[in-house]
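Undergrad: Would you mind keeping the following structure in view while I ask a few things?
Just so it is clear, none of the values below were taken in a lab; they were calculated from the coordinates. Note that the structure is a prediction, hence the values are computed from the model and not measured. With ideal geometry, Cβ positions are generated from the backbone for all residues, glycine too; neighbour counts draw on all protein chains shown.
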Amino acid sequence: MGDVLSQSEIDQLLNALSSGELDADEIKENNEPQAKNYDFTRPAKFSKEHLRTLEIIFEHYARLLATELSVHMRKTVQIEVMNSEAVTYSEFSNALSNPVILGIVDVTPLRGNIILEIASNIGYAVVDRMLGGFGLPLARVRDFSEIEINIIERIVTTAAELLVEPWRTVIEISPVLEKIETNCQFAQIISPTEMTAIITMNVKLGEVEGLMNVCIPFTAVEEVMDKLNTKYWYSNRQEDDENSYHESIERLISKSHIPIKAVLGRSHISVLDFAHLQLGDIIKLDAKVNDELSVYVGNIKKFTALPGASGDNYAVRVTSIFREEQ
């Protein structure tokens with residue numbers, strides 16, 4: 001309730017109005033409530049706080065995905081979160097062009113699905129790189145073949161599985177890639193008027209650059225909306241987050257396959273002698289029988305070892321580690 005005016009204050013107010021010191025229209029205008037236009041077809045279900053928290057989650061996701069793709073592609077991959085916005089699903093789907101890569105991901109226990117949308121030029125570059133090329137997109141856009149979709153599906157499956165770690169602070173999810181669609185008309189998973197949060201990331205694969213969008217329907221995260229704020233997110237953030245990030249990198253590196261070879265010795269022979277080599281011929285090496293072997297990881301000398309056997313296989317026993325400073 002507002003303050004009650006005394007009789008003297010009422011008299012002073014009336015005198016001011018009569019003398020023209022106060023304008024009644026101006027007072028009325030200043031006291032009128034300020035109205036805002038509200039579009040009922042686009043309710044603001046995602047606040048700026050929600051979108052900012054989603055950006056933080058996917059910044060973590062972008063680091064993990066860049067590391068994982070670099071291992072798969074054997075090429076440097078950079079991923080950066082560009083922005084986030086709330087739009088209706090129809091606006092998102094209408095902005096897509098065909099062909100497009102849409103990964104429909106089930107995020108149990110959350111309801112419904114989320115969509116991972118990858119630019120077609122990134123898809124072509126991934127296929128080219130996985131098949132032994134330099135990772136270049138096609139000069140002419142065309143539909144993806146079944147073989148290309150199968151290759152892309154492996155990468156999108158990996159991208160879906162990496163959602164577990166960034167979302168762990170909010171909720172434990174078990175993401176599963178349900179299918180890949182290359183036509184946006186066949187990806188009508190929710191109502192066109194449903195509000196969604198779109199997280200846009202820029203993907204750079206070598207010299208190829210394109211966008212990756214993550215579409216999160218409101219119905220999918222409605223149950224955890226209270227947790228999508230920075231205060232909750234930071235208060236529940238794991239203290240060993242940095243350690244877990246290093247562990248993830250170590251785990252990814254441990255899956256890499258690298259060539260290792262043990263060199264018995266070296267020798268120089270003519271092409272003519274090499275062409276006439278036969279079973280039983282002897283090639284003299286520059287090493288003695290009791291000398292240690294050099295063991296190379298890739299093209300870098302890392303160990304010295306002694307030759308031997310393990311069962312029916314040849315083997316070496318490492319005797320020393322060759323340090324880089326040596």
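Undergrad: Could I have the simple spin-label model distance between ARG52 and ARG266, label points 7 Å from Cα toward Cβ, reported in nm to one decimal?
TA: 6.1
Undergrad: Please give the charge dipole size of the range 260-321, origin at the Cα centre, charges +1 on K and R Cβ atoms and -1 on D and E Cβ atoms. Round to the nearest 20 debye. Mind dumping the intermediate values first?
TA: Values: 7 positive and 6 negative charges, 56 e Å.
For this selection, approximately 280 debye.
Undergrad: From the backbone phi of the range 161-175, what are the Karplus-calculated ³J(HN,Hα) couplings (6.51 cos²θ - 1.76 cosθ + 1.60, θ = phi - 60°) in whole Hz, Gly and Pro given as x?
TA: Whole-Hz 3J(HN,Hα) from phi for the range 161-175: 5, 6, 5, 4, 4, x, 8, 4, 5, 8, 6, 7, 10, 10, x.
Undergrad: Kindly flag which residue pairs out of LYS75/LYS204; LYS179/LYS204; LYS261/LYS302 have an alpha-carbon separation exceeding 20 Å in this structure.
TA: Numbers: LYS75/LYS204 10 Å; LYS179/LYS204 24 Å; LYS261/LYS302 10 Å.
Cα-Cα > 20 Å for LYS179/LYS204; rest within.
Undergrad: What's the FRET efficiency of LYS302 with LYS75 using the Cβ-Cβ distance as r and R₀ = 25 Å, to the nearest 0.05? The partial results should precede the final answer.
TA: Values: r = 24 Å, r/R0 = 0.96.
After rounding, the FRET efficiency stands at 0.55.
Undergrad: Could you work out how far apart the two model spin labels at GLU161 and LEU279 are, taking each label as a point 7 Å from the Cα in the direction of the beta carbon, and quote it in nm?
TA: 4.6
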